[in-house]
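Worksheet: one structure, shown below.
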Amino acid sequence: MFLSGTDSAESIWQTIRSHLRAEYGTRTYDSWLKPLALVSVDADTVTLGSPTHFTADWIRNHFAERLRLLWAAQSAAIQHVRIVVENGLKTAAIPEPEQPEAIPATVREAPAFGVALEPRYTFDSFVVGKANELAYNAARTVAEGGPIDFNPLFLHGTTGLGKTHLMHAIGWQIRSAMPGAKVVYMSAEKFMVEFVSAMRDKDTLSFKQKLRTADLLMIDDVQFIAGKDSTQEEFFHTMNEIISAGKRLVITADRSPQNLEGIENRILSRLAWGLVADINPADYELRLSILLEKMKRMPGATVGEDVIDFLARKITSNVRELEGALNRIVAYSTLVGKPIDLDFARQVLADVLKAHDRKVTIDEIQRKVADYYAIKLSDLLSARRAREVARPRQVAMFLAKRLTPRSLPDIGRRFGGRDHTTVMHAVKRIEELRADDSELDADITRLTRIIDA
Ligand code: ADP
Ligand code: MG
């Protein structure tokens, strides 16, 4: 079989490694996947070694299936991928996976129940702004470990605004503030799945036990159990026991309690007893700060201020998309070996931007260019050839070509019935001039921002 020699197995592994790098991006790759080493290949099983228990677990939970598929694609014989802990691997000088510094190694063990906390989601990496400061402050209060005068904490906001991030941050913080505290985090969906399977196995007692012994219980996306009656019943009793035992309860949903349809009233009124904090969509400043924060965690990447500003202005829907866009341009630039500039970012994000873009019209470009250069709109559209109007006209044509889907003849018609070759010449001329003329280049950048805001 072709996988017999370790050499060929090693070369397959190198191929898979480059796939992984391209797929997950440098940051994830360097943190988690790079330290993996090929240990052996026997018959249908590949064994990979990871330097610590923690990283091995993480790989098993997050990448096992992907690894298996990639191996199977390279060699049909492979059916299993095993992750073992191997110290002193060849790749000894491995950077530790990204870990919040405040968390001692002893609290990183797998959760007793629920789902492991994501190491990246800490208070340190959470950027606070007007949109989320109430939620942030409440989360911090719960996480300090001191007495709290509200329980539960209910966080709500639409998707991708940092609810899960805040929950995990609370979990990490409580573990260091109250060593030995039992932290249980899970989605409401998992709560339901676990509950239903406990009922099926006639073992609801141990399910209850595991949840109700938590010192901090966090249930994410509770809207999921809307309309699920027996799950809600169980959920209500769990809430009550946690609260009356003085343990901490944190719940999130994608909407406020008033708007949670299909959730029992007694649950809603329990929620309303606690602190209800909303998270709003981030404004421009917050989006910008979040991007800068994410950049700090990508030491290898160089992304110019103009690109960061562009992302912050354009991707307004939610932070997850914003972060996704940043990751994507960084990953692409590593992949194709190109520096990241505005044009590159536009290209890579074309599909995302299309969804967000408002249509820019030629009219609007003409008006704004005329304004910018303080000339009359009628002059911009006239046949006058004086330089102080001819250059702005060329700039306007260039921008029309670049920012609208209009054809050259179309653009020509809109500029006082000019020929398409005139427009083509203008576009080329501005491109050439821009390369040497930094003032013109800055004008174009500013105009693009004004028009494309
Ligand atoms: P939600 O649970 O509200 O849908 P998440 O907590 O999963 O959203 O956040 C989506 C992504 O956006 C995560 O990667 C998270 O780290 C990031 N994010 C959201 N808000 C912030 C913030 N204020 N600071 C830093 N990262 C944030
Ligand atoms: Mg979430």
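The values are calculated or read from the model by the stated rules, or taken from the named source; none is laboratory data. Source: prediction; values computed, not measured. Reconstructed Cβ throughout: ideal geometry from the backbone, glycine too, with neighbour counts over all protein chains shown. Just the protein is used for accessible areas: all its heavy atoms, side chains included, with ligands, DNA and RNA removed. Shrake-Rupley method; radii C 1.70, N 1.55, O 1.52, S 1.80 Å.
Binning at 10 Å from 0, report for the stretch 4-50 what percent of all alpha-carbon pair distances ends up in each bin.
With 10 Å bins starting at 0, P(r) equals 26, 53, 20, 1.
What do you get when you divide the Cα radius of gyration of the stretch 9-93 by 2.2 N^0.38 Å, with N the number of residues?
The reported ratio for this selection is 0.99.
Give me the net charge for the shell around residue 410: Cβ to Cβ below 13 angstrom, other residues only, Lys and Arg +1, Asp and Glu -1.
Neighbour charge sum, excluding residue 410 itself: +3.
Tally up the carbon and sulfur contribution to the accessible surface of the chain as a whole percent, 1.4 Å probe, everything protein left in place.
The computed percentage sits at 51.
Suppose R0 equals 45 Å; then what is the FRET efficiency for residue 320 and residue 378 from their Cβ-Cβ distance, rounded to the nearest 0.05?
According to the calculation, E is roughly 0.45.
Across all directions of projection, what mean area in square nanometres is found for the Cα convex hull of the stretch 318-453?
Across all orientations, the stretch 318-453 yields a mean hull projection of 9.0 nm².
For the stretch 390-453, what is the Kirkwood hydrodynamic radius in Å, using each pair of distinct C-alpha atoms?
Answer for the stretch 390-453: a Kirkwood hydrodynamic radius of 11.8 Å.
Taking only DSSP H segments of four or more residues, each worth -39500 (n - 2.57), what value at 222 nm results for the chain once the sum is divided by all its residues, to the nearest 500 deg cm²/dmol?
-17000 deg cm²/dmol
Please compute the contact order of the chain in relative form: average sequence separation of alpha-carbon pairs under 8 Å and at least six residues apart, divided by the residue count, as a percent.
Result for the chain is 12 percent.
Keeping all protein chains in the complex and leaving out DNA, RNA and ligands, what accessible area do you get for residue 255 with a 1.4 Å probe, in Å² to the nearest 10?
Counting only protein heavy atoms, residue 255 exposes about 90 Å² to solvent.
Express in nm, to one decimal, how much length is gained between residue 259 and residue 85 on full extension, taking 0.36 nm for each residue of separation and deducting their alpha carbon distance.
Once the chain is fully extended between residue 259 and residue 85, it gains 57.9 nm.
For a quick check of your reading of the filter: which GluC sites (Glu not before Pro) in the stretch 259-289 sit in a DSSP loop and have no more than 14 other Cβ atoms within 10 Å?
261
If you take every residue apart from residue 386 with its C-beta less than 15 Å away from the C-beta of residue 386, what net charge results, scoring Lys and Arg +1 and Asp and Glu -1?
Charge balance near residue 386 sits at +4.
Once you have a ≥ b ≥ c as the square roots of the Cα gyration tensor eigenvalues for the stretch 133-278, tell me rounded if a/c is under 1.5, and otherwise prolate or oblate according to whether a/b is larger than b/c.
Oblate.
If N is the number of residues in the stretch 284-357, what value comes out of its Cα radius of gyration divided by 2.2 N^0.38 Å?
So the stretch 284-357 has a normalised radius of gyration of 0.98.
Which value, in debye to the nearest 20, gives the size of the charge dipole of the chain about its Cα centre, when Lys and Arg are +1 and Asp and Glu are -1 at the Cβ?
That gives the chain a dipole magnitude of about 1200 debye.
How big is the chain on each of its three principal axes, counting only the C-alpha atoms and giving the largest first in Å?
86, 65, 37
Mind checking the per residue accessible area of the chain for me, 1.4 Å probe, whole number of Å²?
I get 49 Å² per residue for the chain.
Nearest 0.05, what FRET efficiency do residue 19 and residue 302 give at R0 = 30 Å with Cβ-Cβ as r?
It comes to 0.75.
Heavy atoms only, probe 1.4 angstrom, no DNA, RNA or ligands counted: give me 230, 50, 438 ranked by accessible area, highest first.
My answer, sorted largest first, is 438, 230, 50.
With +1 assigned to the C-beta of every Lys and Arg and -1 to the C-beta of every Asp and Glu, and no other charges, what is the dipole magnitude of the stretch 311-411 about the Cα centre in debye, to the nearest 20?
Computed about the Cα centre, the dipole is about 300 debye.
Among 216, 394, 448, whose Cα sits farthest toward the positive end of the charge dipole of the chain (+1 at Cβ of Lys/Arg, -1 at Cβ of Asp/Glu, about the Cα centre)?
Farthest towards the positive pole: 394.
Testing the spin-label approximation: label points 7 Å from Cα along Cα→Cβ at residue 441 and residue 269. State their distance in nm.
Spacing of the two 7 Å Cα→Cβ label points: 6.8 nm.
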